[in-house]
Amino acid sequence: MTVFLQYIINGLIIGGAYALIGIGLTLVLGIMNVVNFAHGEMYMLGAYFLFTFFTRMGINFYLAMLLAITAVMLVGFVYERSILKPLRRRSIETVMLSMIGFSLLIQNVAMLIWTPVPEAIKSPFPLTAYTLAGLYFLPQRIMVICVAFLLVILTHLLLKKTKTGKAMRATFQDLEAASLMGIRIDRIYSFTFVLGAGLAAAAGTLLGPIFTVHPYIGNLANAKAFVIVIIGGMGSFPGAITAGLLLGVFESLGAGYISSAFQDAIGFVLLILILVYRPTGLLGKVGQTR
Amino acid sequence: MKQNRILILLCLLGSLVYPLVLKDPYFMHMAILIGIYSLLAISINLLLGYTGQLSLGHAAFFGVGAYASALVYLNLKVPMWGGMVAAMAFSGALGWIVAKLAFKLRGAYFVIMTIGIAEVLKLVALNWIDLTKGPMGLTDIAVPSLSLGGLTIDLGEKTAYYYLLLFMVFLCVYLQYRLVHSSFGRAFISIRENEDLAASVGINCYKYLIIVVVISAAIAGMAGSLYAHYVSFIDPGVFAFFISVNVVMTVIGGGQGTLAGPIIGAILFTLIPEWLRVFGDARMAVYAVVVIVIVIFMPRGILHYLAQLAALRKRVS
């Protein structure tokens, strides 16, 4: 029973970071209708920037995290303005393929900058775990779930309480009506894309010190982000959180009880099952599958 | 039309004498790769070019074909010809299952579904060690020889393999031609142009989409089989997402929905990465830029783009 609970807790911690990636992707997809294949690359860049700022340059961990996230947001901003904006009226396939090209580009540039050799971000936290009722809590992981939780709350408040958030929700509901009401769609799009990039980067800085960092980690992060978005329902904010946590728990349980080799397949199997039986996702609206 | 026929004859002649002119093994190797890529591109073109469905998981069919063909050879000693049939059968069957499941969805959902299936298969190939040897891959997949009335041709010879592929490519181009000019092809195009309208005039879109995926998957499986027997070694890398992306780029760059498009694309996209070798380590980064440029500026293919440019120039002068 303790082991089972420990698996659940480990899963929830990783799931917290997954939720961040998922929210970022679901916002970009829901508001901009862009299938962002470079989302995982933002995660990868977040982890690498943290590596550079913290491990290489020795900046304070939290400050390095902040710097890394800001740097990735900048990359996202430049891409949105230079490539995505001119492509706004083009078909979803064109945008999708240009995103794939962009993801290839970032991956290979990262390989040129940081070499393909995997790097480890040494955790600044003590390695002794707290124990509570037979369960272990590593300080590093407590930090991960706390920051993830904080960022989810902040994003939620941003969407619900601020004027920008209101404009984003309006754009999500009806693009044309929103622009008729004087909402500057271009700004909302840029803001959404940058926010999505930032959230993915945040997840990268959180999970970077737990796993190793190499130029291809974005592929898996991207795949998982899609799994989360589809399980949660495209464009659904609570759906992405639920699905992120669920995926974390399922992976943790799957790795523990079935086989760790197939851990990464669990998400895809869930994805296929959801697409077959409930394509709108757990919390998505019905009739949205085209 | 007459001009076209002359052009086709010239291409055929050119590809027939190609090995006699350029005997260099490197050029033969490139030509064979172009052949394999052409088959894959034809397979995607049927789906993307004629019915408008984008699949980013075609590596699944390619990989299953490669593994099926290699496994029946290694375990049951079935030669390549049997392997090719097995590859087409397995890939086709997989295509049928995938289509049954995936065509409940369209657009981005369909794309992500196809990616998911390819990734699951890659993980199966990596982890079903008893059957696939996992990341070690399968080795010693031999090339057979061909006996034609007492004359035995060793297909291990690059030139012979080249002619085999040439034959296969022309067969598939012909097949594609017959298919898209039949009532099937008209149904496919009507689905691409407007699915609701197609359904309203009595076309069973779901059925036609399943048929096109099965054919497309079988061709991709055949390409996989030919690839496995050519390089004689395969590993789970045959399911790589990169292959799926590359083939889609091939078709878009060459011109989707045209007969020659896949071949032109295959030639371009096999040679471009080779030319980019001058950039050294930055090769793939430059390649990514090429991909972005093609997607943005030549969404209907390079030939169409050049024709447009020429027309523009004529208007200016």
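Throughout, read-outs are computed from the coordinates displayed, never taken from laboratory work. The structure presented is a predicted model; accordingly, all values stated were derived computationally and were not measured. Please note: Cβ atoms are built from the backbone with ideal geometry, for glycine as well, and neighbour counts cover all protein chains shown.
Worth a mention:
- Among A:M44, A:M73, A:M96, residue whose mean-square fluctuation peaks in a GNM of chain A (springs only between Cα atoms under 10 Å): A:M96
- Cα centroid of region A:21-42 to Cα centroid of region A:122-147, whole Å: 30
- Region A:207-290: relative contact order as a whole-number percent, Cα under 8 Å and 6+ apart: 33
- Inter-probe distance in nm under a simple model that places probes 7 Å from Cα toward Cβ, at A:R169 and A:L66: 2.9
- Taking one quarter of the surface of the C-alpha convex hull of the protein assembly as shown gives a mean projected area of 32.2 nm².
- GNM on chain B, alpha-carbon springs under 10 angstrom: the most fluctuating residue among B:L155, B:L74, B:L276 is B:L276.
- In a reduced charge model with +1 at each Lys and Arg Cβ and -1 at each Asp and Glu Cβ, region B:26-238 shows a dipole moment near 400 debye about its Cα centre.
- Size-normalised alpha-carbon gyration radius of chain B, reference 2.2 N^0.38 Å: 1.01
- The Cα atoms of region A:174-290 give a gyration tensor whose axes a ≥ b ≥ c have a/c of 1.5 or more with a/b no greater than b/c, which makes the shape oblate.
- Förster radius 35 Å - calculated FRET efficiency between B:A307 and A:A177, Cβ distance, rounded to 0.05: 0.30
- Mean sequence separation of contacting Cα pairs (under 8 Å, at least six apart), scaled by the length of chain A, corresponds to a relative contact order of 38 percent.
- Full-extension gain in nm, B:K104 to B:I129, via 0.36 nm per residue minus C-alpha separation: 5.7 nm
- With both labels modelled 7 Å from their Cα along Cα-to-Cβ, the B:I189 to B:R315 distance reads 2.5 nm.
- Gyration tensor verdict on region A:2-277 (Cα atoms; rounded if a/c is under 1.5, prolate if a/b is larger than b/c, oblate otherwise): prolate
- Relative contact order of chain B, defined on C-alpha pairs under 8 angstrom at six or more residues apart (%): 31
- Point-to-point label distance, A:L154-B:W81, nm (Cα→Cβ direction, 7 Å offset): 6.8
- Toward the positive end of the charge dipole of chain A, with +1 on the Cβ of Lys and Arg and -1 on the Cβ of Asp and Glu, the farthest Cα among A:V95, A:N60, A:V276 is that of A:V95.
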